[in-house]
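Below: the structure, in structure tokens.
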Amino acid sequence: MRLLSIEPELYKFASCKDFVEEFKVGKGDLLVTSKSVYETFLAPMNLGCDVIFKRDYGAGEPTDIMVEAMYEDIAKMGLHKRVVAIGGGGVLDIAKLFAIKETVPVAGLYDGSIKIEKDKELILVPTTCGTGSEVTNISILALTKQNTKKGLAGPELFADYAVLVPELLQDIPFGVFATSSIDALVHSVESILSPKASEATRMFGYKAIEMILPGYMKIAKDGPEALGPLIEDFLVASTYAGISFGNAGCAAVHALSYPLGATYHVAHGEANYAMFTGVMFSYMEVKQDGEIAKLNKFMADILGCTPETVYVELEKLLNNLVQKKPLREYGMKEEEIELFADSVMANQGRLMANNFVELNRDKVVEIYKKLY
């Protein structure tokens, strides 16, 4: 049994300048980033690389339409030897597609009709503390014609280098921090419970939780201004969670969140939070022993509660970051419960295979109804 795989070489630098100098970022590189990151950290260095900004092609999380429009403009820039992405999970996921030989039509990649062949070196630098995309081989896009989000996975999508630069998160908006770090927490929980997990992958998942929850407790006690000194811990925890789920996979929380996120443009971490405890309670209706019992006790010990109340107390804690809302408050209609369940069963088999216990369509409908 394989215990663990960590594909990208992992680096950490105190400053963006240190990273740029070490990796000699410059002419011949394609830089995928945001205008704010570029103007604050990179423009003063006059790097000479080609630059493309995700937000010029649309707001929100990445879509197939956005990627194809960006690809068309990148093709006009000439050849690149490396793709360097500095940004949130959407930027990193998009950049993975630009490091492969044939990117469009995007639908061809996601339905398997286009072979994934990597032909450029890939360097990923996260500016949020949640997705773990820098250490995974998955690219998540909203597929507009299918009205859902889907993951493309393959060894060719791994970065060659994953680089952590805490300085890049110094001015992260609190809302972005909240939703992205909740995503990391969900990554840890889902990958710990996955049937593909090993003691080595769980070690990273549990360590991430051990770093995240006390940070949340500090913020709940002292307010958002407490985040500054904690941001490096959250960044590292996100990467640890990425290593855990990159090996063991995510599951129903992510699967059920994708139709909500794609249809109503709910931030990924917030969509996960909307589904999180509903899925966990559904698991425990079927099975309360094994790894879920260990996980619940581990989190309860940190939170200072009993395992029986751990998800109630966890929700109270997370509500200091993002207030949990019923699905109808996002605009979801009651008649969409069945449609969302159908979408999950049709499009998210890769994720649903990782559930702690089997969840059939009826169970998915039941979860949506309880959360509605």
> Taking interchain pairs and intrachain pairs at least six residues apart, which have beta carbon atoms under 7 angstrom, with the first residue in region 17-43 and under 22 Å from Y71 (Cα atoms) and part of a helix (DSSP H, G or I) and the second polar (S, T, N, Q) and modelled with pLDDT of 95 or more?
Replying inline: V37/T127
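In this structure, does E68 turn out to be in contact (Cβ under 8 Å) with a residue 12 or more places away in the chain, among the acidic types (D, E), surrounded by 12 or more Cβ atoms within 10 Å (Cβ to Cβ) and part of a loop (DSSP other than H, G, I, E, B)?
On the way: in contact (Cβ under 8 Å) with a residue 12 or more places away in the chain: yes; among the acidic types (D, E): yes; surrounded by 12 or more Cβ atoms within 10 Å (Cβ to Cβ): yes; part of a loop (DSSP other than H, G, I, E, B): no.
Judged against the criteria, E68 is not a match.
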> Right, V189: surrounded by fewer than 24 Cβ atoms within 10 Å (Cβ to Cβ) and in a helix (DSSP H, G or I) or not?
Replying inline: no
>> Just to check your reading of the model, which residue among G228, G223, G175, G154 is without any contact (Cβ under 8 Å) to a residue 12 or more places away in the chain and out of contact with any helix residue (DSSP H, G or I) (no Cβ under 7 Å at 6 or more places or on another chain)?
In response: G223
> Taking only pairs six or more apart or across chains, which ones have beta-carbon atoms under 7 Å, a first residue in region 192-205 that is under 16 Å from M280 (Cα atoms), and a second residue that is basic (K, R) and surrounded by 17 or more Cβ atoms within 10 Å (Cβ to Cβ)?
Replying inline: I192/R202
>> Consider region 360-372. How many of its residues are touching a Phe, Trp or Tyr at 6+ places or on another chain (Cβ under 9 Å) and surrounded by fewer than 19 Cβ atoms within 10 Å (Cβ to Cβ)?
In response: 2
> Does region 44-56 hold any residues that are buried (at least 18 other Cβ atoms within 10 Å of the Cβ) and either assigned to a helix (DSSP H, G or I) or within 24 Å of the chain's Cα centre (by Cα) (or both), and which are they?
Replying inline: I52, K54
> Counting only residues that are closer than 30 Å to K17 by Cβ and among the hydroxyl-bearing types (S, T, Y), how many does region 142-198 have?
Replying inline: 4
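The values are calculated or read from the model by the stated rules, or taken from the named source; none is laboratory data. Given the structure is predicted, the values throughout are model-derived calculations rather than measurements. Every residue, glycine as well, gets a Cβ built from its backbone with ideal geometry; the counts of neighbours run over all protein chains shown.
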